[in-house]
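Worksheet: the structure to be examined is printed underneath.
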């Protein structure tokens, strides 16, 4: 690739080799149009201008690099990197990284990362991360995270969270459901007061649908499965069959190349709702009703379906 970098205003790269050839002092705009969630483009350099991830590209930003995420792109930010997220892009921020989220973008903030959320963006804050929520954005606050909420934004305060939350304007704090009836109402779970419809993220293999925690546990459509379940509501993650509302399952399995979502029926009286849960519950018995196509799982499901489809094409 013979390029006169001083004469270029922008360049589009479609492979890691092409990206590595661009010098750090390149003054034009760099557009990333490659990388999958499972094999992302790696940015190690602090370019003069931000690198732009667009389309369905996936990028991992390291060091002092700077990235602008657009479309359905996804970014994992490390170190002192900074990200501006637009559209339906998704970002996981680690270390001292900083993120500005716009549109319908979603961010998981960890470590000491900081996020400013605008419009309809959503953020899950963990560790010592800090979030400034504006307009219609939503935040889930966990651990020692701190949040300042403005506009019509909403903050979900986990019941065991020590997060420091300040609200202004029309912003509001929402506490997690305290019992299974509140949970079903909160997440719109279909039920008849005795049985309810939940979902589970599993791996679709040649052997069938298998558990992520233990691949020896298999789920068969039309059949029931029973496992001992921990009744302790103070244990967020313990033994039992873990199920949840649909979006939680999609998010949990978002990095799997063989993700499948199964719809299950469960006795309401057998459900254990941990106090610190933001969507996951557990039970001792479920009946598998069907696999739900990802394309029927809203915008997030369609994004994951395209991501898996593109990854398979790359591996062919």
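The values are calculated or read from the model by the stated rules, or taken from the named source; none is laboratory data. This structure is a prediction, so every number in the text was calculated from the model and none was measured. Neighbour counts run over all protein chains shown; Cβ positions are idealised from the backbone, glycine included.
Scanning segment 197-231 for residues that are touching a strand residue (DSSP E or B) at 6+ places or on another chain (Cβ under 9 Å), under 24 Å from residue 257 (Cβ atoms) and in a loop (DSSP other than H, G, I, E, B) returns 207, 211, 212, 213, 215, 216, 217, 220, 221. When 129, 137 are checked against the criterion of being within 25 Å of residue 55 (Cα to Cα) and touching a strand residue (DSSP E or B) at 6+ places or on another chain (Cβ under 7 Å), a single residue qualifies: 137. Each residue in segment 245-263 was checked for being surrounded by fewer than 22 Cβ atoms within 10 Å (Cβ to Cβ) and out of contact with any helix residue (DSSP H, G or I) (no Cβ under 7 Å at 6 or more places or on another chain), and 9 pass.
Taken together, 144, 88, 96, 128 contain a single residue that is at pLDDT below 90 and either assigned by TED's automatic domain parsing to the domain that holds residue 306 or in contact with a helix residue (DSSP H, G or I) (Cβ under 8 Å, 6 or more places away or on another chain) (or both), which is 88. Sort out which residues of segment 52-64 are within 13 Å of residue 74 (Cα to Cα) and touching a strand residue (DSSP E or B) at 6+ places or on another chain (Cβ under 8 Å), and write them in order of number. Within segment 52-64, 52, 53, 54, 57, 58, 59, 60, 61 qualify.
Counting the residues of segment 287-305 that are within 10 Å of residue 250 (Cα to Cα) and in a loop (DSSP other than H, G, I, E, B) gives 1. So, residue 72, is that one in contact with a helix residue (DSSP H, G or I) (Cβ under 9 Å, 6 or more places away or on another chain) and either under 17 Å from residue 122 (Cα atoms) or at pLDDT 90 or above (or both) or not? Against the criterion (in contact with a helix residue (DSSP H, G or I) (Cβ under 9 Å, 6 or more places away or on another chain) and either under 17 Å from residue 122 (Cα atoms) or at pLDDT 90 or above (or both)), residue 72 qualifies. Please verify whether residue 249 is under 18 Å from the mean Cα position of the chain (by Cα) and either within 14 Å of residue 271 (Cα to Cα) or touching a residue at least 12 places away in the same chain (Cβ under 8 Å) (or both), treating the condition exactly as stated. Criteria met by residue 249. When residue 271 is tested against (1) in contact with a helix residue (DSSP H, G or I) (Cβ under 7 Å, 6 or more places away or on another chain); (2) surrounded by fewer than 19 Cβ atoms within 10 Å (Cβ to Cβ); (3) farther than 24 Å from residue 308 by Cβ, just one condition goes unmet, and that condition is (2).
Highlighted here are the strands (runs of 3 or more DSSP E) found entirely within segment 8-64 that include at least 3 residues which are free of Cβ contacts under 8 Å to residues at least 24 places away in the same chain: 10-13, 29-32. When restricted to residues that are modelled with pLDDT of 90 or more and out of contact with any strand residue (DSSP E or B) (no Cβ under 6 Å at 6 or more places or on another chain), segment 153-167 contains 0. The condition (being within 23 Å of residue 26 (Cα to Cα) and touching a strand residue (DSSP E or B) at 6+ places or on another chain (Cβ under 8 Å)) is satisfied by just one residue among 92, 75, 107, 100: 75. Across segment 267-286, the number of residues qualifying as assigned to a strand (DSSP E or B) and either within 21 Å of the chain's Cα centre (by Cα) or modelled with pLDDT under 95 (or both) comes to 3.
Scanning segment 49-68 for residues being modelled with pLDDT of 90 or more and touching a helix residue (DSSP H, G or I) at 6+ places or on another chain (Cβ under 8 Å) gives a total of 0.
Kindly indicate whether any position in segment 183-196 is in the same structural domain as residue 287 (by TED's automatic domain parsing), without any contact (Cβ under 8 Å) to a residue 12 or more places away in the chain, part of a loop (DSSP other than H, G, I, E, B) and over 27 Å from the mean Cα position of the chain (by Cα). Yes: segment 183-196 contains one or more residues that are in the same structural domain as residue 287 (by TED's automatic domain parsing), without any contact (Cβ under 8 Å) to a residue 12 or more places away in the chain, part of a loop (DSSP other than H, G, I, E, B) and over 27 Å from the mean Cα position of the chain (by Cα). So for segment 160-171 (the condition being in a strand (DSSP E or B) and surrounded by 14 or more Cβ atoms within 10 Å (Cβ to Cβ)), does at least one residue qualify? Within segment 160-171, one or more residues are in a strand (DSSP E or B) and surrounded by 14 or more Cβ atoms within 10 Å (Cβ to Cβ).
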